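J.: Here it is, the structure, as structure tokens.
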Amino acid sequence: MRASSPKEKEWYTSFISGLFFPFHERIKNHDSVAVRKELEISQWWDPKCLEALQLSKLRRLLAHAEVHVPFYRALFSDISFNPKGVSSLTDLAYLPLLDKSRIRANTEALKSENGQSLARFNTGGSSGEPLIFYIGKERVSHDVAAKWRATRWWNVDIGDREIVVWGSPIELGAQDGIRGLRDWLLRTKLLPAFEMSEQKLDRFLDEIRAVRPKMLFGYPSALSHIARHANARGQRMDDLGLRVAFVTSERLYDEQRRQISETFGCPVANGYGGRDAGFIAHECPEGGMHITAEDIIVEIVDQQGMLLPCGEAGEIVVTHLATKDFPFIRYRTGDIGVLDSKLCACGRGLPLLKEIQGRSTDFLIAQDGTVIHGLALIYILRDVIGISNFKIIQESLNLTRISVVLESKLAPETIAKIEQGFKARLGQTVNIVIEEMAEIPPEKSGKFRYVVSKVATV
């Protein structure tokens with residue numbers, strides 16, 4: 001299913017996607033437009049051609065890392081690894097895995113010596129491990145292009161009316177005048193996903209009806225929660241002309257997909273990726289979860305880091321081929337997935353993720369009954385210096401425990417700040433107990449849950 005032609009779009013969408021946004025990207029020195037056009041051609045290549053492209057880009061990335069990135073220069077020397085000897089994608093297995101702890105310990109050494117205009121990012125996400133890393137303009141351009149390509153699979157484009165239900169402070173804290181003007185021009189409306197009282201949910205429904213968006217974008221748990229509220233209110237939402245609901249950042253459950261699709265009268269498109277690992281995969285209208293193979297190599301490994309064949313579940317490890325300024329080579333996502341050996345019925349040659357497991361973030365309930373997205377509390381902890389891992393357990397409306405693994409002792413004012421942040425979300429009389437632990441064990445299933453509520457939730 002190829003992207004719609006400009007004739008099928010509104011004139012305003014054509015103006016924004018064809019003129020304004022490309023101009024916006026050019027001002028920021030991004031190559032997003034050119035990259036997207038290349039991706040829309042290469043997506044139809046056969047797998048062998050795509051693998052050849054990956055291998056060529058991999059060789060360039062490794063050669064650059066050896067010369068310009070201190071961390072990899074030392075690593076390649078220590079293990080006698082020669083990038084010029086790489087003859088297949090499987091040669092990646094000679095390199096050790098890169099995890100968050102290694103990045104935290106070598107942040108400066110992972111920067112390219114000739115990198116320019118690097119943007120600093122923080123991410124903790126569902127893993128709960130604070131991480132600081134850097135992204136260059138090449139990486140930004142490729143990530144924007146990959147998301148843009150996938151958006152167009154669904155007969156929508158930049159400039160179509162959009163409602164975004166999101167909770168990252170990076171977005172919510174950046175709504176200044178210029179950002180607000182840009183979003184207005186792009187016809188994007190941002191709704192905060194952190195707090196979902198009945199009053200705010202009513203307001204969300206009013207906003208969605210007023211905007212009449214062509215697409216929704218947000219956490220699957222948040223969109224399904226809004227959908228359930230609409231049903232409870234007897235509010236019809238399937239007559240707005242929505243074409244697609246894009247969901248990401250959490251595992252999408254079948255019940256959530258059904259709820260969102262039925263309530264809003266549109267298909268649901270699942271996306272998988274993150275600020276650290278990049279835009280890894282996106283679902284097409286035929287149901288295939290396509291890996292962005294032109295930019296990303298996906299490996300599935302077992303607990304010992306050994307490669308697993310297609311069809312077997314293991315940890316998803318990614319190499320982002322557009323990260324020469326701060327390389328992500330064999331990066332452990334912490335997620336469990338399965339590769340598919342089949343091709344999608346849509347005809348694209350892009351490889352498929354058959355299954356993605358292990359990413360979900362719970363809701364919590366505040367004392368006043370407000371439903372709060374778990375990320376609201378994760379973001380309080382993720383950048384605290386000294387905390388290497390954590391788990392939040394809401395025992396009751398009056399008690400929430402925070403288990404922490406510490407790298408260094410927390411100062412009294414830091415503890416007070418954490419408690420204040422939690423109470424601001426959960427209620428001022430909630431008892432917040434911070435417990436230091438040597439290790440946080442996984443669930444019986446082997447998966448980690450970083451936010452657990454024992455209060456009846458959504």
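J.: Listed residues Asp368, Asp335, Asp325, Asp340; which is open to solvent by 10 Å² or more (accessible area, probe 1.4 Å), more than 16 Å from the chain's Cα centre (by Cα), of a type in the set (Asp, Glu) and closer than 30 Å to Leu191 by Cβ?
T.: Answer to the check: Asp368.
J.: May I ask you to list the residues in the range 38-65 that are open to solvent by less than 60 Å² (accessible area, probe 1.4 Å), among the charged types (D, E, K, R) and under 16 Å from Phe328 (Cβ atoms)?
T.: If the condition is that a residue be open to solvent by less than 60 Å² (accessible area, probe 1.4 Å), among the charged types (D, E, K, R) and under 16 Å from Phe328 (Cβ atoms), then Lys57 is the only one that fits.
J.: Then there is this: Can you tell me which residue among Ser396, Ser403 is open to solvent by 10 Å² or more (accessible area, probe 1.4 Å), more than 22 Å from Gly167 (Cα to Cα) and polar (S, T, N, Q)?
T.: Ser396
J.: For the range 379-393, enumerate the residues that are open to solvent by 10 Å² or more (accessible area, probe 1.4 Å) and of a type in the set (A, V, I, L, M).
T.: Within the range 379-393, Ile380, Val384, Ile385, Ile393 meet the criteria.
J.: Which members of the range 296-322 meet the condition of being open to solvent by 10 Å² or more (accessible area, probe 1.4 Å) and not hydrophobic (A, V, I, L, M, F, W, C)?
T.: Correct list: Glu299, Asp302, Gln303, Gln304, Gly305, Pro309, Gly311, Glu312, Glu315.
J.: May I ask you to say which residue of Asn389, Asn398 is without any contact (Cβ under 8 Å) to a residue 40 or more places away in the chain and in contact with a strand residue (DSSP E or B) (Cβ under 8 Å, 6 or more places away or on another chain)?
T.: None of the other options fit; the residue is Asn398.
J.: Tell me the strands (runs of 3 or more DSSP E) entirely within the range 149-263 that contain at least 3 residues that are more than 17 Å from the chain's Cα centre (by Cα) and within 24 Å of His282 (Cβ to Cβ).
T.: 188-192
J.: Would the range 353-365 turn up any residue that is among the hydrophobic types (A, V, I, L, M, F, W, C) and free of Cβ contacts under 8 Å to residues at least 12 places away in the same chain?
T.: The answer is no, given that none of the residues of the range 353-365 is among the hydrophobic types (A, V, I, L, M, F, W, C) and free of Cβ contacts under 8 Å to residues at least 12 places away in the same chain.
J.: Right, another one. On the basis of being open to solvent by less than 20 Å² (accessible area, probe 1.4 Å) and either at pLDDT below 85 or under 30 Å from Cys284 (Cα atoms) (or both), does Ala376 make the cut?
T.: Criteria met by Ala376.
J.: Let me ask another. Identify the single condition in (1) of a type outside the set (Lys, Arg); (2) surrounded by 17 or more Cβ atoms within 10 Å (Cβ to Cβ); (3) out of contact with any strand residue (DSSP E or B) (no Cβ under 8 Å at 6 or more places or on another chain) that Leu98 does not satisfy, given that it satisfies every other one.
T.: Condition (3) is where Leu98 drops out.
J.: Could you check how many residues of the range 198-216 are open to solvent by 70 Å² or more (accessible area, probe 1.4 Å) and of a type outside the set (D, E, K, R)?
T.: Within the range 198-216, residues that are open to solvent by 70 Å² or more (accessible area, probe 1.4 Å) and of a type outside the set (D, E, K, R) number 2.
J.: If a residue must be assigned to a loop (DSSP other than H, G, I, E, B), without any contact (Cβ under 8 Å) to a residue 24 or more places away in the chain and aromatic (Phe, Trp, Tyr), how many such residues does the range 39-87 contain?
T.: Of the residues in that region, 1 qualify.
J.: Read through the list (1) open to solvent by 20 Å² or more (accessible area, probe 1.4 Å); (2) under 14 Å from Phe204 (Cβ atoms); (3) assigned to a loop (DSSP other than H, G, I, E, B), then give the number of the only condition that Glu286 fails.
T.: In the conditions (1) open to solvent by 20 Å² or more (accessible area, probe 1.4 Å); (2) under 14 Å from Phe204 (Cβ atoms); (3) assigned to a loop (DSSP other than H, G, I, E, B), Glu286 misses (2) alone.
J.: Quick check: is even one residue across the range 223-235 open to solvent by 10 Å² or more (accessible area, probe 1.4 Å), within 28 Å of Arg149 (Cβ to Cβ) and at pLDDT 95 or above?
T.: No, the range 223-235 has no match at all.
J.: Within the range 20-37, restricting attention to residues that are in contact with a helix residue (DSSP H, G or I) (Cβ under 6 Å, 6 or more places away or on another chain) and open to solvent by less than 50 Å² (accessible area, probe 1.4 Å), which residue is nearest to Gly288 (Cα to Cα)?
T.: Only one residue tops the list, namely Arg36.
J.: Any idea which residue in the range 371-408 is nearest to the chain's Cα centre (by Cα), counting only those that are of a type outside the set (A, V, I, L, M) and under 17 Å from Asn431 (Cα atoms)?
T.: Across the range 371-408, the extreme among qualifying residues is Lys391.
J.: Do you know which of the residues in the range 241-273 that are on the phi > 0 side of the Ramachandran plot and touching a Ser or Thr at 6+ places or on another chain (Cβ under 8 Å) is surrounded by the most Cβ atoms within 10 Å (Cβ to Cβ)?
T.: It comes out as Ser249.
J.: Checking the conditions here, which among Ala345, Ala269 is assigned to a strand (DSSP E or B), farther than 16 Å from Leu89 by Cβ and of a type in the set (A, V, I, L, M)?
T.: Answer to the check: Ala269.
J.: Those residues that are in a loop (DSSP other than H, G, I, E, B), small (Gly, Ala, Ser) and under 27 Å from Pro309 (Cα atoms), I need them from the range 88-114; list them, please.
T.: Answer for the range 88-114, where residues must be in a loop (DSSP other than H, G, I, E, B), small (Gly, Ala, Ser) and under 27 Å from Pro309 (Cα atoms): just Ser88.
J.: Between a residue in the range 90-101 that is modelled with pLDDT under 95 and any residue that is crowded, with 17+ Cβ neighbours inside 10 Å, which pairs come within a Cβ distance under 7 Å, given they are 6 or more apart or on different chains?
T.: Pairs that qualify, where the first residue is modelled with pLDDT under 95 and the partner is crowded, with 17+ Cβ neighbours inside 10 Å, are Asp99/Arg332; Lys100/Glu129; Lys100/Leu131.
J.: Further question: It is to be established whether one or more residues within the range 151-160 are touching a His at 6+ places or on another chain (Cβ under 6 Å), at pLDDT 85 or above, crowded, with 20+ Cβ neighbours inside 10 Å and of a type in the set (Ser, Thr, Tyr).
T.: no
The values are calculated or read from the model by the stated rules, or taken from the named source; none is laboratory data. Every value quoted in this text rests on a predicted model; they were computed, and no experiment measured them. A quick note on method: Cβ atoms are made from the backbone with ideal geometry, for glycine too, and the neighbour counts reach across all protein chains shown. Surface areas here come from the heavy atoms of the whole protein model, side chains and all, with no ligands, DNA or RNA. Shrake-Rupley method; radii C 1.70, N 1.55, O 1.52, S 1.80 Å.
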